[in-house]
C-alpha cells in the first residue's frame with residue numbers, strides 16, 4: 001500500500017518552516033477528518049506541543065493508530081515518556097547506551113542535549129542520538145544525563161534495602177515440607193473501596209475457591225502491592241482500568257515480565273477510549289450508532305448534522321459516567337463545553353433506545369457468557385448516577401450461548417478480534433434495523449449470580465484455565481525441546 005507523510009501540529013504557526021507539499025495540518029483538522037478523505041495509509045508525524053493524556057496531541061497519535069496510519073510517536077511511546085518509571089524497559093535501554101558513552105569526559109557530571117529525529121550536530125553524540133530515537137521514536141527529544149553508580153547510593157539506606165530483600169524473598173522460599181508449590185501463583189488486583197467493582201467481594205472469593213480446586217494459589221492484591229507483583233506468576237485485573245491509572249502500570253509491568261495478564265496493556269489502551277473504538281469499528285465496517293468526534297472548533301457544525309436526542313460522551317468514561325443526553329442544541333452546547341474541560345475530544349452519538357443491551361463476554365476470540373443488561377426504571381441507561389454519589393442499576397439476566405441470536409454473537413466476536421485475544425465484554429443494541437456494537441470493554445463484569453448464572457463454576461475455571469495455560473505453555477514447550485534433544489542423542493549414540 002502506498003503512503004504519504006502528514007505533519008500534525010497544534011497550531012499552524014508552530015510549523016515555521018516550508019510546508020512540503022501542503023502536508024501540514026492541525027491536530028483538530030486531522031482528528032475531524034472524514035473517513036472518505038482517507039484513501040490510503042499515511043505516515044503521520046505528530047509534532048503537537050503536548051502529548052498529555054486526553055490532549056489534542058494524545059488524540060492525534062491515538063486516532064492515527066485506530067485509522068491504520070503509521071504514527072510517530074506512538075501512543076505507547078507517549079505513555080512511556082509521561083510515566084518516566086525507573087523500571088521502564090526503554091529507560092533501562094537508554095541507560096545501557098549511556099553507560100558505554102566514552103566521548104563525554106569524566107569531569108562532566110551532567111549533560112542536556114536535543115535530538116531531532118535521531119540527529120544531532122555533535123558527531124561525538126551522533127550514535128547516542130540515533131539509538132535514542134530508535135528506542136523512543138519521538139521526533140523531538142531532550143535527553144538529560146547524570147552520572148550515577150552503586151557507590152552513589154546512601155549507605156544509610158542499606159538496612160532498608162536488606163529488610164525489603166528479606167520480605168521479598170520470604171514468600172518465594174516456602175518450606176517444601178509443609179506443602180508442595182501450586183501450579184501457578186495468581187494475583188487478582190482489586191479495590192475493596194470501589195462502589196462499582198467489576199467483580200464483587202463474593203465473586204472474588206469464588207475465584208479463590210475454584211482456583212484452589214485447580215491447584216492455583218489466588219491472592220487478592222491492591223494498588224499498594226505493586227512492588228510485590230513480580231512474586232506472582234500471572235495477573236488478573238478485577239478493578240476498573242484506565243490508562244492514566246495504576247491498573248495500566250500493573251498491566252505494563254506484568255507484560256514486561258512475561259507474565260500472563262488480563263487485561264493486557266494493549267487492550268486497556270484500546271478499549272478505555274471510546275474515540276479509538278469509534279474509529280476502529282467504523283473503519284472495519286461494523287455497524288455502530290452514528291458517531292462523530294467533536295472538538296471546540298467543530299462543535300458549531302454539529303447543530304444540523306445530528307437528530308435529537310444526542311448522546312454525548314467523554315472518551316475515557318466508564319460505568320455510564322460522563323455520558324449525557326442532549327434533547328436540543330442548547331443542551332448539547334452546555335454539556336459539550338463542560339466535557340471539554342475533561343477532554344479536548346468528545347463523542348456525539350445517535351441516541352438508540354432499547355429495553356436492554358446485549359453483553360457478550362469473549363475470551364480468546366470465543367464467546368464465554370451472554371447476558372441482557374436492562375435499563376434502570378424510568379431511565380435510558382443501565383446505571384443511573386445520583387447527585388449524592390449513590391447509583392441505581394438495572395437487572396441482569398443471563399442467557400445461554402445456544403439461545404443467543406447468531407448475528408449478536410457474530411458481531412461481538414468480530415468486534416473483539418479487532419482489539420486482541422484477551423477477555424472482553426462487547427455491548428450491543430438490537431432493533432428492527434439490526435445489531436449495533438456500542439462498546440468493547442476490556443474489564444467486563446463477572447459477578448456471582450449474574451454473568452455466571454448459566455455456567456456457574458465453569459466460568460471461573462475457564463478464565464483461570466486460560467491464564468494457567470498461558471503460564472505453563474513456555475515451560476511445556478521448553479520441556480518438549482529438551483525431551484526431543486534427549487531422544488535425538490539417544491538415537492545417535
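Filter segment 296-323 for residues that are buried (at least 19 other Cβ atoms within 10 Å of the Cβ) and more than 23 Å from the chain's Cα centre (by Cα); which is farthest from residue 241 (Cα to Cα)?
That would be 306.
Residue-by-condition table, conditions (1) within 25 Å of residue 459 (Cβ to Cβ); (2) in contact (Cβ under 8 Å) with a residue 24 or more places away in the chain; (3) outside any loop (DSSP other than H, G, I, E, B):
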position: 181; (1), (2), (3): no, no, no
position: 195; (1), (2), (3): yes, yes, no
position: 206; (1), (2), (3): yes, yes, yes
position: 212; (1), (2), (3): yes, no, yes
position: 220; (1), (2), (3): yes, yes, yes
position: 255; (1), (2), (3): yes, no, yes
position: 275; (1), (2), (3): no, yes, yes
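Mind counting the residues in segment 237-246 that are assigned to a helix (DSSP H, G or I) and surrounded by 23 or more Cβ atoms within 10 Å (Cβ to Cβ)?
0
Yes or no, residue by residue, for (1) out of contact with any helix residue (DSSP H, G or I) (no Cβ under 9 Å at 6 or more places or on another chain); (2) surrounded by fewer than 14 Cβ atoms within 10 Å (Cβ to Cβ); (3) outside any strand (DSSP E or B):
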residue: 332; (1), (2), (3): no, no, yes
residue: 341; (1), (2), (3): yes, yes, yes
residue: 352; (1), (2), (3): yes, no, yes
residue: 376; (1), (2), (3): yes, no, yes
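List the number of the failed condition for residue 211; all other conditions in (1) at pLDDT below 95; (2) in contact with a helix residue (DSSP H, G or I) (Cβ under 7 Å, 6 or more places away or on another chain); (3) crowded, with 21+ Cβ neighbours inside 10 Å hold.
(1)
Check whether at least one residue in segment 189-200 is within 19 Å of residue 252 (Cβ to Cβ), modelled with pLDDT of 95 or more and touching a strand residue (DSSP E or B) at 6+ places or on another chain (Cβ under 8 Å), and report yes or no.
The answer is yes; a qualifying residue exists.
Restricting to segment 271-282, name every residue that is within 12 Å of the chain's Cα centre (by Cα) and surrounded by fewer than 24 Cβ atoms within 10 Å (Cβ to Cβ). I'd like the intermediate steps shown before the answer.
Applying the first criterion (within 12 Å of the chain's Cα centre (by Cα)) to segment 271-282 yields 271-274, 276-277.
Within segment 271-282, 276 is the sole residue that qualifies.
The values are calculated or read from the model by the stated rules, or taken from the named source; none is laboratory data. All of these numbers come straight from a predicted model, not from anything done at the bench. Counting neighbours? That spans all protein chains shown, and the Cβs are built from the backbone with ideal geometry, glycine included.
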